[in-house]
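Visitor: Let me give you the structure first, and then I'll get to my questions.
The values are calculated or read from the model by the stated rules, or taken from the named source; none is laboratory data. Remember, it's a predicted structure, so these values are computed and weren't measured experimentally. Virtual Cβ from ideal backbone geometry, glycine too; neighbours counted across all protein chains shown. Side chains are part of the model used for accessible areas, which takes the heavy atoms of the whole protein and leaves out ligands, DNA and RNA. Shrake-Rupley method; radii C 1.70, N 1.55, O 1.52, S 1.80 Å.
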Amino acid sequence: MRLKPATAPAAQPVTLGEAKAHLRVTAADEDALITALIAAAVEHVDGPSGTLGRALVEQEWDLLLDAFPCSELELPLPPLRSVTSITYVDERGATQVLAPDAYDVDVSGPRGVVLPAYGKTWPRTRAQRNAVTVRFKAGYGTTGASVPAAIRAAILLLVGDLYANREAQGDTLARNATVDALLFPYRVLAP
């Protein structure tokens, strides 16, 4: 299972204005720096390599598989918003689009699940790498305001730490117990 970004989020979970208010900065001469710090803080928590293991603002991903699973497919990066398409390489080597009525999408659980529709099975695929591509949208919504307040607060604290401590402090970002406490309920644990 491999993930490839298809469409980046249209916004950050916190705005430049929110970060400047948090930092108590009124001048515009450090806007570029603060924008970069927001991006660094978001990268630290968002996406497959982030500490949360989830998507924050809506983004589109391709999940690449060598074959369909035996039953249901649990999608990474909760919360799942929708499945855009499922394509696969059939046994003859032709790329096919799986009809939306051939599968069901369940977004009600902690992780989104795709499974064959009632009475249907996954089609057979050619034995090759990346034979199946599931394109899906994940995230809390299309704006930063849709991201839970605790995550947004943790991002602002990270921005504050990065802003106040611009010089190297070691090999890693310093731990902040408040950030950890705010983010803990949202961490995706391995199944």
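Visitor: Within segment 52-109, how many residues are acidic (Asp, Glu), farther than 26 Å from Ala127 by Cβ and at pLDDT below 95?
Guide: The total comes to 0.
Visitor: Tell me, which residue of segment 48-83 that is hydrophobic (A, V, I, L, M, F, W, C) and assigned to a loop (DSSP other than H, G, I, E, B) is most open to solvent (accessible area, probe 1.4 Å)?
Guide: Once the filter is applied, the top-ranked residue is Cys70.
Visitor: Scan segment 84-119 residue by residue and report those that are of a type in the set (Ser, Thr, Tyr) and open to solvent by less than 80 Å² (accessible area, probe 1.4 Å).
Guide: Thr84, Ser85, Thr87, Tyr88, Tyr103
Visitor: Okay, next question. Please go through segment 1-56 and pick out each residue that is of a type in the set (Asp, Glu) and under 15 Å from the mean Cα position of the chain (by Cα).
Guide: Hits for segment 1-56 are Glu43, Asp46.
Visitor: Next question, about the same structure. Output the strands (runs of 3 or more DSSP E) that fall wholly within segment 84-161 and possess 1 or more residues being of a type in the set (Phe, Trp, Tyr), or say none.
Guide: Once the strands (runs of 3 or more DSSP E) in segment 84-161 are filtered for at least 1 residues that are of a type in the set (Phe, Trp, Tyr), what remains is 103-106, 132-138.
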